[in-house]
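Below: the structure, in structure tokens.
The values are calculated or read from the model by the stated rules, or taken from the named source; none is laboratory data. Quick caveat, the model's predicted, so the values are computed rather than measured. Cβ placement follows ideal geometry from the backbone for every residue including glycine, while neighbour counts extend to all protein chains displayed.
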Amino acid sequence: MEHLNVSVSPHFFSKRTTQNIMLDVIIALMPALIASVIIFGWRSLLITVVCIACCVISEYVFRKICQKDNTISDLSAVITGMLLAFNLPVTIPVWQAIIGSITAIIVVKQLFGGIGQNFANPAITARIIMLVAFSGSMTSWTFSENSVDALSGATPLAAAAKGFSSGVDYMMLFLGDHGGCLGETCALAIILGGIYLLIRKVITWHIPVAFISTVAVMSFLCGKDPLYQILSGGLLLAAFFMATDYSTSPSTPWGKIIFGIGCGLITILIRVWGSLPEGVSYSILLMNILTPYISRLTRQKPLGALGGAKS
Amino acid sequence: MKLHGIKIPHLKNTADSAPQRIPIPKIITIPASMHIGKPAEILVKRGDTVKVGQLIGKADGFISSNIHSSVSGTVQKIDTMVTSNGVKISCAVIESDGKQELDEKIKPPFINDFDGFINAVKDSGVVGLGGAGFPSFAKLKIDDLARIETVVINAAECEPYITSDTRTMLDKNEYIYKGISAIKKYMNVRDFVIGIEKNKPSAIEKMKELALKDEHIRVHALPSMYPQGGEKVLVYNTLKKIIPQGGLPIDVGVIVINITTLAFIGEYLETGIPLVEKCVTIDGSAVKEPKNVIAPIGTPISDLIESAGGLKCEPAKVLYGGPMMGIAVPSMNEPVLKNTNAVIFMDKKEAAVPKTTACINCGACIAHCPFRLEPRSISLAYKAGNVGDLEKLCVDLCMECGCCSYVCPANRPLVQTNKLAKLKLREYLSYKKEMN
């Protein structure tokens, strides 16, 4: 009669799995996706779907070729696809989006061992690669024809960097009615998603708060309008969704704060003194590289430890 | 500083179930070791008649414990068995005559000083009944009594399902007080703190009544967060004292004793009946009517089920103790031990172990470890065979509470790896000592 399982304790497990954490992130990205369709038209949905499909397919094929367990069901490739799409202009040619997605999954993620092993954020790195490779189409901010307003021209940040007004006020920034990458413009939608992530405890407050407040303080010190700096560009999307990527950010509370401050500083340095209008992607990539060191240096002292845990 | 922990289902279904004695089992098996330390030396042989409370195994060495017969009857054989941690030990198999005659030699112990008290505790065969099974007299035998500032009474009972300590608090009030009084008298302690998790309001109420009787007793309500019953967690949360790495509670002037152990000591001083029966919570998804029962030590687990209305289905996993730190038994013939406070029968669904996937570096293990360890880093260091790192990561501090494995969304075997890492580190440290 007896076939008793004798596994070692614990015998209880939480219901939280990698898959449902990732599903929460996808849900949190939905408001931004809806906003992008309203602002930029149906083409933004097309780009997003293309990126997601390419990411998932390239992950599936790569794991298959390498004869490893397939990991597409953990949904992380879906998020990479969504975030990459959100960082592209709506006018991007589809073939470029496909190349970007394949780069993100295969070069940045899978070649390092797949989920949890990559040291750089796949969506951000792929975006930077595309920015170098397709600089023309990656910086053309024309709205598509079927969008609400037939606006065209520079992003608010690019305009501000050149020293003239973009004609965009706070309300337009907040609602996202201006030029930019397809998922980054609507601050309202991103903040809603961010709050959802915080409530569901997918992320903690440390990185977004440290990142955004550093940008605010630094832009004030540099004589820029803090609110304008926060609401424009990809800052909010990056602070809530990309800087908080588990694999590429520290996991201790102080490590997260240092990471966030570092991201904020580099962002402002690039925005104010760099030759590029936007520096969020570079700041995160640079801080990704420092993550292992930050994690080591901010190791918590275990309760009652005689030595220190730091190494 | 607040210690981390996890919110887990309480499942205290049996808190209102006053324990009832089960019918005396026909055959009982009493292992020579139900404690940490050396097994007892068995004194009886095949064919001997024994009575309830009769000494059948004598403590061998300082850290060891006496064992007593829990039934009256005949010794069928002296056998060997494999304990759940894989050690082969001898055991006495006794056939009960159903009369439950008490050994004539039993009488309340006569005590007039500290040594007498320690001897009485030793004779009683009591060990840490919260689950650890460390011989109580060895814990209480402190050379310099002036070092003891506080006795912390562990009534946290933080594991899901288990309610046997709750029942002790509700039903054995006067024995708890007797135990406290004895420690007060013979060990000269003036400060007692009872730590209870907030999810047991009626027990807290009862203990507060006790505190009204005696100004030296305090009741400390602990947050309902696992693992409040961990010794170091309990001492920190009640007294804000940190037990140093490799140290014992006495290093910070504290003795920690489980409430059921204490109540038993109180009871023994009055009756002189050694530890022969145990209140056991029977629960789990495969049990029809979860209940608390009193069972003779040595009762086969399979004999407990009938008292709890039988099983709903074939159990897939059976545990000694709670689901967080309990030990899965290989067979239903395993006996109830001195430190068995619950037997959990899990059905297939509850016993299912989720599939392990890749670590996503979410940091949940770090954020929930009560001792602020880094299970993820420990796993990596263990895999790489880097013992130096294991030492720096203080893996020896791990109390194996299982919070990390519980929260891990990738279901990685973190606490399991910590256990292996602790062994590896111990080997390395003793090797290092030898080399010096």
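So is B:T83 buried (at least 16 other Cβ atoms within 10 Å of the Cβ) and either among the β-branched types (V, I, T) or modelled with pLDDT under 95 (or both) or not? It is true that B:T83 is buried (at least 16 other Cβ atoms within 10 Å of the Cβ) and either among the β-branched types (V, I, T) or modelled with pLDDT under 95 (or both).
Scanning segment B:10-34 for residues that are farther than 28 Å from B:K99 by Cα and either more than 14 Å from chain A (Cβ to nearest Cβ) or outside any loop (DSSP other than H, G, I, E, B) (or both) yields B:K12, B:N13, B:T14, B:A15, B:D16.
Looking across segment A:215-268, not a single residue is under 13 Å from the mean Cα position of the chain (by Cα), among the charged types (D, E, K, R) and part of a helix (DSSP H, G or I). Evaluation of B:K317 against the conditions (1) under 30 Å from A:N121 (Cα atoms); (2) basic (K, R); (3) at the interface with chain A (Cβ under 9 Å from one of its Cβ atoms); (4) in contact (Cβ under 8 Å) with a residue 24 or more places away in the chain shows that the sole unmet condition is (1). Looking at segment B:37-53, is at least one residue touching a residue at least 60 places away in the same chain (Cβ under 8 Å), assigned to a loop (DSSP other than H, G, I, E, B), away from chain A (no Cβ under 14 Å) and more than 28 Å from B:P135 (Cβ to Cβ)? Taking every residue of segment B:37-53 in turn, none turns out to be touching a residue at least 60 places away in the same chain (Cβ under 8 Å), assigned to a loop (DSSP other than H, G, I, E, B), away from chain A (no Cβ under 14 Å) and more than 28 Å from B:P135 (Cβ to Cβ).
All conditions in (1) out of contact with any strand residue (DSSP E or B) (no Cβ under 9 Å at 6 or more places or on another chain); (2) not assigned by TED's automatic domain parsing to the domain that holds B:G322 hold for B:N112, with the sole exception of (2).
Residues of segment A:17-50 that are over 15 Å from A:L198 (Cα atoms), in a helix (DSSP H, G or I) and within 14 Å of chain B (Cβ to nearest Cβ): A:T18, A:Q19.
Does B:K7 qualify as being within 14 Å of chain A (Cβ to nearest Cβ), among the charged types (D, E, K, R) and in contact (Cβ under 8 Å) with a residue 12 or more places away in the chain? Here the answer is yes, as B:K7 does meet what is asked.
Residues that are of a type in the set (S, T, N, Q) and crowded, with 16+ Cβ neighbours inside 10 Å within segment B:1-53 comprise B:N13, B:T14, B:S17, B:T29, B:S33, listed in sequence order. Can you find a residue in segment B:324-341 that is surrounded by fewer than 24 Cβ atoms within 10 Å (Cβ to Cβ), within 14 Å of chain A (Cβ to nearest Cβ), of a type in the set (G, A, S) and under 19 Å from B:C158 (Cα atoms)? Among the residues of segment B:324-341, at least one is surrounded by fewer than 24 Cβ atoms within 10 Å (Cβ to Cβ), within 14 Å of chain A (Cβ to nearest Cβ), of a type in the set (G, A, S) and under 19 Å from B:C158 (Cα atoms), which makes the answer yes. Within segment B:342-365, being small (G, A, S), in contact with a helix residue (DSSP H, G or I) (Cβ under 9 Å, 6 or more places away or on another chain) and more than 7 Å from chain A (Cβ to nearest Cβ) holds for B:A342, B:A364.
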